[in-house]
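FYI, it's all coordinate maths here, none of it is from the lab. Since the structure is predicted, the reported quantities are computational estimates derived from the model, not experimental observations. Using ideal geometry, Cβ is built from the backbone for each residue, glycine included, and neighbour counts are taken over all protein chains shown.
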Amino acid sequence: MVLYVLPSEQHIRIGFVCGRAIGGAVERNRCRRRLKEAWRSARARARGGFDIVMIARPEASAATMPALVEDLAALLGRGGVIAS
């Protein structure tokens, strides 16, 4: 997945993007739900004041849930959203 992080003066705003490369509508919605669930697990450690866009790549639809959570935490740590 790709993560775009921009500082903001408000609370955290996050957007989830799953393009057609993921698959049909069912696969895209399933992937989006899984990304949202991964975000819920990392949200408690996140600092406020960021705008985040999470873009799923085709490999994300086949990844296991623990792998998604781990990758998201690593990306958020690199972006400065959570303390590593």
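Being touching a residue at least 24 places away in the same chain (Cβ under 8 Å), under 25 Å from His11 (Cβ atoms) and either over 14 Å from the mean Cα position of the chain (by Cα) or part of a helix (DSSP H, G or I) (or both) is a property that Ala73 has.
Beta carbons closer than 6 Å, at least 6 apart along the sequence or on distinct chains, pair a first residue in segment 38-66 that is polar (S, T, N, Q) with a second that is in a loop (DSSP other than H, G, I, E, B) for Ser61/Ile22. Tell me whether segment 6-23 contains one or more residues that are under 12 Å from the mean Cα position of the chain (by Cα), among the aliphatic types (A, V, I, L, M), exposed (fewer than 12 other Cβ atoms within 10 Å of the Cβ) and part of a strand (DSSP E or B). So far as segment 6-23 goes, no, none of its residues is under 12 Å from the mean Cα position of the chain (by Cα), among the aliphatic types (A, V, I, L, M), exposed (fewer than 12 other Cβ atoms within 10 Å of the Cβ) and part of a strand (DSSP E or B). Taken over segment 28-64, the residue count meeting the criterion of being of a type outside the set (Gly, Ala, Ser) and either surrounded by 15 or more Cβ atoms within 10 Å (Cβ to Cβ) or in contact with a Ser or Thr (Cβ under 9 Å, 6 or more places away or on another chain) (or both) is 12.
Selection of segment 24-68 for residues being over 19 Å from Ala83 (Cα atoms), of a type in the set (Ser, Thr, Tyr) and not in a loop (DSSP other than H, G, I, E, B) yields only Ser61.
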